[in-house]
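The numbers here are math on the coordinates, done by the rules we state, and not lab data. This one's a predicted model, so the numbers in the text were calculated from it and none came from an experiment. Using ideal geometry, Cβ is built from the backbone for each residue, glycine included, and neighbour counts are taken over all protein chains shown.
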C-alpha cells in the first residue's frame, strides 16, 4: 500500500523488505531502487522498512519486483490488527522465527560436543575427530544453509554481504578440516590436538578447524536470534500504539444499541463506552461521567475526569462510568492515527552519521574479501605453514562485522521514538533529533502555550464584615449566568466548580449594559457585576492595583448598592510552566516570550516565569521576523506554538514544536509535537534527543572501532576463527543492547526548590 502524500511529482510508498542481514544489504537495496528513474529510497535495517519516493507512473508492484531482482523479498505492509479489548496481547512468533529457533536448537545440540572435544584435549578419545566430523557435517550444510543460500543469491546478483563472509568462513574451515583428516594426517586414530585461543600453527601437529566450522554458524545464529528479539523489543512501544485501535464499537441507532465494525462508524454518530472498554475514536461526551486512562496514548499518568461537553481521545481506557460519546473524527483523522503516523515517519529516517556508515558499509564486504585473499597469499608466499595462512584468512572472514554499522542508528531511533511516544513527545525524524540537541533559544507563545488559553478567576477580595466570599460568588455567578461575555462565563464556571453541591440560585430582571456590566435580582437582592470605580472601599482599591500590576481584568460586585468584592480574572499559567522554563534554563536554553498580547500582560507573565527577553504585540509576520533575526545572530532557534498564527514561525525556525492540543496547521508545520500539550515536555524532548544522539555516536564509534581493531588482529594470526565468530556476534548485540537502554530513559526533573511553584494568585 502507498503511504504518505501524493504530490505533483512523487508518491511515497512503504515496502517491507526481507532477507537483509547487514548494512551492505541496505546499500544494495537502496542502490537497486535508485536505478529506477526518479526513485529515491531509505531502508531501515532494524525494521526492514523501505521508504520509497517515486514517480506516480512507477507502481508499487514495480518496486517490489526490483527489490526481488536484487535477491531479497518485498511486500506491501498490511495494517496492524486492532485489539478486541483493553489488554495488549503478545504477538505470536512468525513462521520464520519458529524455523530460526528450531535451526538454532539443532545446531547447538550438534555443535556443543564438537566444541567440547576440540577445546578440552583431556576428553579426546580414540577417533574423536571422526565423530566431530560426522556431527559437524550437518551443521556446515543444513545449519548454515541460510548463510549459503543468501551468499549464492549475492553471487547471482554480483553482490557480497555479511552472509558471504560467514558462508566462506564456514566452508573454508570445513574444507581445510576435511583435507587434514583425509590427506593431512589428522585422521590418525590416536591424534590429539591442543587448543589455544591464540593460533599456534607450525608445531608439527595437524590441526583441524571443526570447532570453527560449527562455532561460526552457532554463534552467528545465536547472535541473530538474540538480536532479532532485542530489535523487536526496541519497537515494542510502536506496536503498542498501532494496536490500540478497537475492532468493534457499540453505536446508538434510533434508540437501540448495535455492535458494528469500527470502519462503519461515522462522524456525528453516538457510541457507547462501557467501563473497562477503550474509547473507539475521538469525540465529545454526550452523557455520563468517568475517569479516562490516557497513559498509553498521550503519556499522561494521571486519569482524566470527563463529563458532558468535554472532548475524549480514541483508545483511552474508560476506568469508571458509562459514557455516551459523539464521534468527531474517524480513521486517519484521529489523534491516535496521527501519533502512529508521526512515529512511523520518524523511524524511517537516517541521521547524517548513519548515512556515512551506510556508504562505508557498501564497500565493506568486498574490501574484507580482498583483504582475506591478500593475507592468505602473503602468508603462503612468505613460506608460512598453510594451516596458519588458512587460520588468518578464515578469521578475517568471520570477524568482520558490517551488521553493527547498519544497526547503529535504526535501533536507537526505534527505541527513542517509542520512548518519546510513551512520554507524549513525537519527533518527526533523526534530523529533528539532531537539531533539537543543539537548540540554544526557544521562542514561547503565551496564550495556549504558557497559559491555559481561557479566562479564569485568579483572586477574590471581599470587604470586611460583608456577606463573605461564598455568598458573594454565588450571587455574582448567578447573575452572570445570563451573560455571554467571556468574563461572565468564567465567573459563573468558577462559582459552580468551587461549590458543586450547591446549585446557583435563579436570576430575574436580568439586564446587561455594554461596557458597564450586568445586573439582576437574585434571592431578593439587587446584584451588580460592573467595572471598578473611584468610590470603592480602600481594601478593594488596593486589590485593584494588584490586579492591574499582574495584568488581570477586575470586576466589582455590588449587592443592594454596597460594594462586597473585587474579583480578578485572567488567562492563568498552565500548571508546570514555571518548572518547564526553569528546566530549559538548566539545559542551557534561553527562553524568549513572543505574544500578540499587550506589553503589560506579556511583562507580567514573563516576570512570573523569570523570562527576561519579551516581545509583545507580535503579529504572525512579526514572529517570523523575530525568528529570522535570532537566526541571523547565529542562534539555533526553536519555536513552540499551538495556533494558526504560529505556523509561519514554526516553519521558519530551526525546529518547530507544536502543542498537541493546538491547531492542525501548527502541528503540520512542526518537527516535534507535544501530545499532552504540556510545556514541560519540551525539556523532556531535548533531554531525549541528547541521550539518543549520544547513543548513536557510541554505537557508531563501537562499530567502526571494533572492525578497526579485530580485522588487523585476525590478519596477523592472533585470533582463533571460533573466537572471531563469537566476537562478531557480540558486536551486533552490544549495539542493539546499548540502544535498548533508551527504552528505560527517564527525564531528569528539576528540583522543586529551584523552580517557582506558586500557581499564580489563583485561590480556590
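So here's what we get for this one:
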read-out	value
Ranked packing of 685-695, 318-328, most packed first, by mean Cβ within 10 Å	685-695, 318-328
Relative contact order (%) - criterion: Cα under 8 Å, at least six apart; region: the range 2-78	38 percent
Quarter of Cα convex hull surface for the range 266-329, i.e. mean projection, nm²	3.5 nm²
Ranked list, fewest to most other Cβ atoms within 10 Å of each Cβ, for 247, 35, 446	35, 247, 446
Peptides ranked, highest mean first, by Cβ atoms within 10 Å: ranges 648-659, 613-624	648-659, 613-624
Percent RCO, i.e. relative contact order, over the range 266-329, from Cα pairs under 8 Å lying at least 6 residues apart	52 percent
Cα gyration tensor shape for the range 452-573, rounded if a/c is under 1.5, else prolate or oblate	rounded
Tensor-based shape of the range 383-455 (alpha-carbon gyration tensor, a/c under 1.5 rounded, otherwise prolate or oblate)	prolate
Order of 162, 728, 191 under a 10 Å beta carbon neighbour criterion, fewest first	191, 728, 162
Residue order, fewest to most beta carbons within 10 Å, for 128, 176	128, 176
√(5λ) per eigenvalue of the Cα gyration tensor, the range 2-78, largest first, Å	19, 12, 11
Order by protection proxy (mean Cβ within 10 Å, highest first), peptides 16-23, 452-459	16-23, 452-459
